[in-house]
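Data first, discussion second: the structure below is written as structure tokens.
What follows is calculated from the coordinates using simple rules that are stated; it is not laboratory data. These numbers come from a predicted model, not from an experiment. Heads up, the Cβs are rebuilt from the backbone with ideal geometry, glycines too, and the neighbour counts pull from every protein chain shown.
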């Protein structure tokens with residue numbers, strides 16, 4: 001297949017884009033239609049450097065995020081199951097030529113220990129992560145998904161399992177779809193061909209096209225909820241952002257479904273990787289903020305994911321720029337919630353889930369543990385029909401409040417009396433009176449002990 005990533009075309013747009021205040025404000029105004037932006041418009045926003053225009057961009061991103069998803073932040077935790085890998089990605093601690101790393105493939109008992117710990121913390125959704133290895137096949141992944149769903153503790157269970165693993169064959173994607181996967185997530189890492197080849201010198205991941213078109217295979221196999229991402233720091237952030245947007249439009253044009261999520265990790269130091277300690281295109285904090293804001297304006301329906309790579313102070317700033325999903329209390333090593341092996345990369349935020357929930361609540365955000373869309377079948381085209389025009393917000397707000405109250409009651413993160421006023425204030429913003437009344441009724445049921453109620 002001919003790649004939809006036109007490198008020279010993208011680089012030409014970057015080179016020829018000159019900042020214009022008039023064009024900048026026209027694009028910002030267009031973004032409020034929630035129709036998204038093309039890559040030329042995104043390039044204009046990325047060319048912005050002056051504080052006054054950056055402030056407008058950041059403000060617009062926060063407002064558009066609220067128009068689509070409200071003030072909620074969805075929480076999840078990664079579950080690393082293996083650090084064996086046949087690839088030699090130069091930026092990764094799991095690469096096969098890192099001989100200092102202690103390798104581990106966790107067994108069923110260890111998976112249960114980690115999952116039980118995460119449930120005891122209050123998590124409801126997990127992202128299963130693994131290096132690329134022959135042991136990580138579709139049958140193994142399907143068994144893990146089923147095992148995770150089977151684990152119940154007195155305070156809850158995992159309600160949705162998402163997966164970030166190497167490309168599978170069509171039949172493999174069918175198997176994990178049948179097992180109950182939520183989102184299939186895969187990052188291209190870098191969309192620049194020469195950089196990709198240099199960073200992935202050996203192993204199956206060295207095939208740029210196989211990775212680029214993995215989501216096509218997943219979609220063909222029935223997995224219509226997908227996530228993409230870039231590892232910022234490998235190449236020019238402007239190129240990567242515009243290429244990422246090309247991937248979004250390609251998926252939308254071909255399948256009628258863009259990515260449900262977009263992840264924006266930056267390179268962090270990793271054991272056995274000199275490149276990770278000195279990224280060739282290190283992304284500054286201000287440019288990172290700009291990337292997130294532009295993605296929110298350009299792909300308003302997508303969930304923007306932020307990991308614990310970033311430090312708490314910066315994470316708090318980014319929540320106001322369009323981030324809608326975050327990890328908390330994370331570990332990046334197999335069995336990391338019950339042992340002390342080395343992780344894939346360095347973390348910036350070591351706070352517990354409870355500490356992060358309390359912090360974001362104090363800042364006026366709603367901690368959400370919602371998994372309703374997956375279980376109601378609002379994925380793929382059905383999700384996009386609601387998300388693109390901004391109609392998903394009231395489902396998101398109501399479900400966020402229901403799961404937030406459930407979490408507060410079950411895990412005692414803070415006294416329920418301290419947040420009742422906050423919940424009432426949020427309920428009052430629900431525009432549809434029927435949904436508002438139903439939300440009040442369901443909140444009362446949760447107060448009386450019912451659980452897992454959702455719209």
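Reported to two decimal places, what Rg/Rh ratio describes the stretch 9-67 when computed on Cα atoms with Rh from the Kirkwood expression? Present the calculation step by step, with values, prior to reporting the outcome.
Working: Rg = 11.4 Å, Rh = 11.8 Å.
With Rg and the Kirkwood Rh in hand, the quotient comes to 0.97.
Would you mind computing, in nm to one decimal, how far apart the modelled labels at residue 448 and residue 412 are, each placed 7 Å from Cα along Cα→Cβ?
Result for the modelled spin labels: 2.5 nm.
Over the chain, one equal point on each Cα, no solvent: what is log10 I(q)/I(0) by the Debye formula at q = 0.07, 0.09, 0.11, 0.12 Å⁻¹?
-0.33, -0.55, -0.85, -1.03
When only C-alpha pairs under 8 Å and at least 6 residues apart count, what is the relative contact order of the stretch 37-140, in percent?
In percent, rounded to a whole number, it is 32.
Report, in cubic angstrom per residue, the convex hull volume of the C-alpha atoms of the stretch 391-447. Let's see the in-between values first.
On the way: hull volume 3.7 nm³, N = 57.
Output value, Cα hull per residue: 66 Å³.
Can you give the % of DSSP beta bridges in the chain that are antiparallel, to the nearest 5?
The answer is about 10 percent antiparallel.
Only helical DSSP H runs with n ≥ 4 go in: add -39500 (n - 2.57) per run for the chain, normalise by residue count and round the 222 nm mean residue ellipticity to 500 deg cm²/dmol.
-14500 deg cm²/dmol
For an R0 of 35 angstrom, estimate the FRET efficiency from the Cβ-Cβ distance between residue 112 and residue 385 and round to the nearest 0.05.
Rounded to the nearest 0.05, the efficiency is 0.40.
Between residue 249 and residue 220, what length comes free when the chain is fully extended (0.36 nm per residue of separation minus the Cα-Cα distance, one decimal in nm)?
Contour length minus Cα-Cα distance gives 8.7 nm.
Starting from the Kirkwood radius over alpha-carbon pairs of the stretch 257-323, derive D by Stokes-Einstein at 20 °C in a medium of 1.002 mPa s and give it in µm² s⁻¹.
Translational D for this selection: 165 µm²/s.
Modelling each spin label as a point 7 Å along the Cα-to-Cβ direction, I'd like the residue 40/residue 274 distance in nm, to one decimal.
4.4 nm
What is the calculated FRET efficiency for residue 147 to residue 311, with r their C-beta to C-beta distance and R₀ = 45 Å, to the nearest 0.05?
Computed FRET efficiency for residue 147 and residue 311 comes out at 0.85.
Apply 1/(1 + (r/R0)^6) to the Cβ-Cβ distance of residue 433 and residue 154, taking R0 = 56 Å, and write down the FRET efficiency to the nearest 0.05.
Result of the calculation: an efficiency of 0.95.
Determine, for each peptide in 121-127, 350-356, the mean count of other beta carbons within 10 angstrom over its residues, then list the peptides with the highest first.
The most tightly packed comes first, giving 121-127, 350-356.
If you count, for each residue, the other Cβ atoms within 10 Å and average over each peptide, how do 24-37, 172-185 line up from highest to lowest? If you can, show how the numbers build up before the last one.
Values: 24-37: 16.6, 172-185: 21.0.
Going by the mean number of other Cβ atoms within 10 Å, highest first, we get 172-185, 24-37.
Over the stretch 240-381, what number does the Rg to Rh ratio reach, with both radii from the alpha-carbon atoms and Rh per Kirkwood?
Working: Rg = 16.5 Å, Rh = 16.9 Å.
Radius of gyration relative to Kirkwood radius: 0.98.
What does the extension gain come out to for residue 102 and residue 285, with contour length at 0.36 nm per residue minus their alpha carbon separation?
The span from residue 102 to residue 285 would gain 62.6 nm if fully extended.
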